[in-house]
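The structure appears below as structure tokens.
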């Protein structure tokens, strides 16, 4: 007599399906975790600005790249972007995060979207401003530092 009450063949088929589905879920979960937490290598390069940073230009750059009036809220106090029912990204408060970064680490974060530990800053749209020059980054950094 079959233990699942449906017939031996159906029980075996259902067991195989459940095992394969569980294995598939495990593989998908493992790959997603690896992608989220893998480390990337990007250079820490000192900024070589040709002039002292300009606060007015720095504020303009902060607005252009989204530090202010964008992902990080009105003046860098944190914010979120959302596609209702699909995804929600929360950008941190800059005054809590930026002091932990050196100028070189902050430049790498902005250009490549890599945090201090080399993992990705998920949701950071670095591909739109990775090519900012050193002068622009110096002005931006002086403006967003508390």
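The values are calculated or read from the model by the stated rules, or taken from the named source; none is laboratory data. Keep in mind that what you see is a predicted model, and the values were worked out from it rather than measured. Here the Cβ is made from the backbone with ideal geometry for all residues, glycine too, and neighbour counts use every protein chain on show.
Of the residues 89, 112, 101, only one is within 27 Å of residue 44 (Cβ to Cβ), modelled with pLDDT under 85 and surrounded by 14 or more Cβ atoms within 10 Å (Cβ to Cβ); which?
Going through 89, 112, 101 in turn, the sole match is 89.
Residues in region 74-95 that are touching a residue at least 40 places away in the same chain (Cβ under 8 Å) and either within 19 Å of residue 129 (Cα to Cα) or out of contact with any helix residue (DSSP H, G or I) (no Cβ under 9 Å at 6 or more places or on another chain) (or both): how many?
3
Test of understanding: among 56, 98, 45, which residue is in contact (Cβ under 8 Å) with a residue 60 or more places away in the chain and within 30 Å of residue 134 (Cα to Cα)?
It is 45.
Based on this model, can you work out whether residue 118 counts as in contact with a strand residue (DSSP E or B) (Cβ under 7 Å, 6 or more places away or on another chain), in a loop (DSSP other than H, G, I, E, B) and in the same structural domain as residue 140 (by TED's automatic domain parsing)?
no
Scan region 51-66 for residues that are farther than 19 Å from residue 108 by Cα and in contact with a helix residue (DSSP H, G or I) (Cβ under 7 Å, 6 or more places away or on another chain) and jot them down.
Listed by number, the residues that qualify are 51, 54, 55, 57, 59.
Suppose we filter 110, 122 for residues that are touching a residue at least 60 places away in the same chain (Cβ under 8 Å) and under 26 Å from residue 35 (Cβ atoms); which single one remains?
None of the others qualify; the one that does is 122.
Please determine whether any residue of region 43-62 is under 14 Å from the mean Cα position of the chain (by Cα) and either loosely packed, with under 14 Cβ neighbours inside 10 Å or under 17 Å from residue 145 (Cα atoms) (or both).
Checked against the condition, which is being under 14 Å from the mean Cα position of the chain (by Cα) and either loosely packed, with under 14 Cβ neighbours inside 10 Å or under 17 Å from residue 145 (Cα atoms) (or both), region 43-62 yields no hits at all.
Read through the list (1) surrounded by 11 or more Cβ atoms within 10 Å (Cβ to Cβ); (2) within 18 Å of residue 109 (Cα to Cα); (3) over 18 Å from the mean Cα position of the chain (by Cα), then give the number of the only condition that residue 12 fails.
Against the list (1) surrounded by 11 or more Cβ atoms within 10 Å (Cβ to Cβ); (2) within 18 Å of residue 109 (Cα to Cα); (3) over 18 Å from the mean Cα position of the chain (by Cα), residue 12 comes up short only on (2).
Can you tell me which condition residue 89 does not meet? The list is (1) part of a helix (DSSP H, G or I); (2) touching a strand residue (DSSP E or B) at 6+ places or on another chain (Cβ under 8 Å), and all the others hold.
Here residue 89 clears every test but (1).
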